[in-house]
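Below is one structure, written out as structure tokens; the observations come after it.
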Amino acid sequence: MQSGSVASSTSEMSGASLRGEVPSAIVLGCAGGNLSPFERDFFVAANPVGFILFRRNCSSPQQVRELVASLRECVGRDDAPVLIDQEGGCVARLRPPHWRLYPSAGRLASLPDPAAGRAVRFAARLIADDLARLGITVDCLPVVDLLVSGADPVIGDRSYGGDPGRVARLGRAACEGLLEGAVLPVIKHIPGHGRARLDSHHACPLVETPYQELARADFAPFRMLAGMPWAMTAHIVYTAVDPALPATLSRRVVTEVIRDEIGFDGALISDDLSMRALGGSLGERTRRALAAGCDLALHCNGKPAEMEEVAAAAPPISPRTAERLASGEAIRRGSASDGFDREDAEVKFDALLAGARISERT
């Protein structure tokens, strides 16, 4: 694996491993609830920036804590980011009986204001408490894609609605709730997945909306949350910007829209490279996503041959990426609040939801 080619000062900023190596610009998954001998050896050699967990990896609190510790031990970094998609609703990797199942974004957004914002923040704060107890430090939440009529249902009730301003306000409430619990939010799917008429897990959506409308609506929630520490790209072609390449692989989209128009300067991670929206081999996808300006390439399914291909194509993180990751970690540590009373938070959260149920029956 390529490593050690960046100056030592950058290694310090990026949280280089105890081996003194600069981590590779990838985030990887694993196959099950504990690491196989292959996975241990592979992660030691590949030295990814971090890891992502799915339902297949989470069976009990103690098991998850041990898995997280094992992953970090492989790379020799106690602060290596461990990610998860814990949104609530249909996208929840942690589920009963060990963890609470939270309402979807759409369900919370159906509450009247200001109750909706309070409920979103309570939900995120409770989720952060769940994650922090396990050692998970990054949640791929909130989805600030707009809900658009006629679009593929892949976003659906994962969205806070169709009003850009309200989506941004509720998205900010989710970010603040996570940060209070020492968990970094990831705004997704930048610069906006809401208009897609295909599910990017299976095909590459084409959005032909004029740029002015995209800038006014779809990009707006991301622009209003541009100060957040992490964002995840959309595997979508926006013909008004780049008619040939999806955002994840497009330097024009990353530079002109995400970095300039939206103003996001945090850590930019690709959506899962194994999704069928992207063409070419996994090695090509990795190289092209990083060349386009993504800080990190994400591969989720834990398949050994695929991970080897992704890792072989990934260079060490750049000095700028190291700075972005270090800034995010500083935000995470600095935003955490003390004295969280989970029981009180759950009572208040449940009261907000109960109030909505009562009003729905009257």
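Values in this text are rule-based calculations from the coordinates and carry no lab data. No experiment lies behind these values; they were computed from the predicted model shown.
Out of 106, 29, 177, any idea which swings most in a Gaussian network model of the chain, alpha carbons joined below 10 Å?
Of 106, 29, 177, the Gaussian network model singles out 106 as fluctuating most.
Divide by every residue of the chain the summed helix terms, -39500 (n - 2.57) for each DSSP H run of at least 4, and state the resulting mean residue ellipticity at 222 nm, rounded to the nearest 500 deg cm²/dmol. The partial results should precede the final answer.
Numbers: 11 runs with 135 residues, N = 362.
Using -39500 (n - 2.57) per qualifying helix, the result is -11500 deg cm²/dmol.
The chain: D in µm²/s via Stokes-Einstein (Kirkwood Rh, Cα pairs, 4 °C, 1.567 mPa s)? Display every interim value, and only then the final one.
Working: Rh = 20.4 Å.
For these conditions, the coefficient is 63 µm²/s.
Based on the Cα coordinates of segment 90-156, what is the per residue volume of their convex hull in Å³?
Normalising the Cα hull of segment 90-156 by residue number yields 98 Å³.
Based on alpha-carbon atoms only, what is the radius of gyration of segment 149-295 relative to the globular estimate 2.2 N^0.38 Å? List each step's numbers first, then the result.
Details: Rg = 14.3 Å, N = 147, 2.2 N^0.38 = 14.7 Å.
Rounded to two decimals, the normalised Rg is 0.98.
Got a sec to turn the phi values of segment 34-40 into Karplus ³J(HN,Hα) couplings, 6.51 cos²θ - 1.76 cosθ + 1.60 with θ = phi - 60°, whole Hz, x for Gly and Pro?
Per-residue couplings from phi come out as 8, 7, 7, x, 4, 4, 4 Hz.
Ignoring solvent entirely, what values of log10 I(q)/I(0) come out of the Debye formula for segment 41-141 at 0.15, 0.16 Å⁻¹ when each Cα is a single scatterer?
With no solvent term, the Cα-only Debye profile gives -0.63, -0.70.
According to the Kirkwood expression over distinct Cα-Cα pairs, how big is the hydrodynamic radius of segment 292-342, in Å?
On the way: mean 1/r = 0.0720 Å⁻¹.
Here the Kirkwood hydrodynamic radius works out to 13.9 Å.
Which translational diffusion coefficient, to the nearest whole µm²/s, is obtained for segment 93-226 from the Stokes-Einstein equation, given a Kirkwood hydrodynamic radius over C-alpha pairs, 25 °C and 0.890 mPa s?
Numbers: Rh = 15.2 Å.
For these conditions, the coefficient is 162 µm²/s.
What fraction of the Cα pairs in segment 241-310, stated in percent, has a spacing above 19 angstrom? Could the numbers behind the result be given before it?
Numbers: 731 of 2415 pairs.
Of all Cα-Cα distances in segment 241-310, 30 percent exceed 19 Å.
Roughly what % antiparallel, to the nearest 5, for the DSSP beta bridges in the chain? Kindly include the intermediate steps, with their values, before the conclusion.
On the way: 3 of 28 bridges.
So the antiparallel bridges in the chain amount to around 10 percent.
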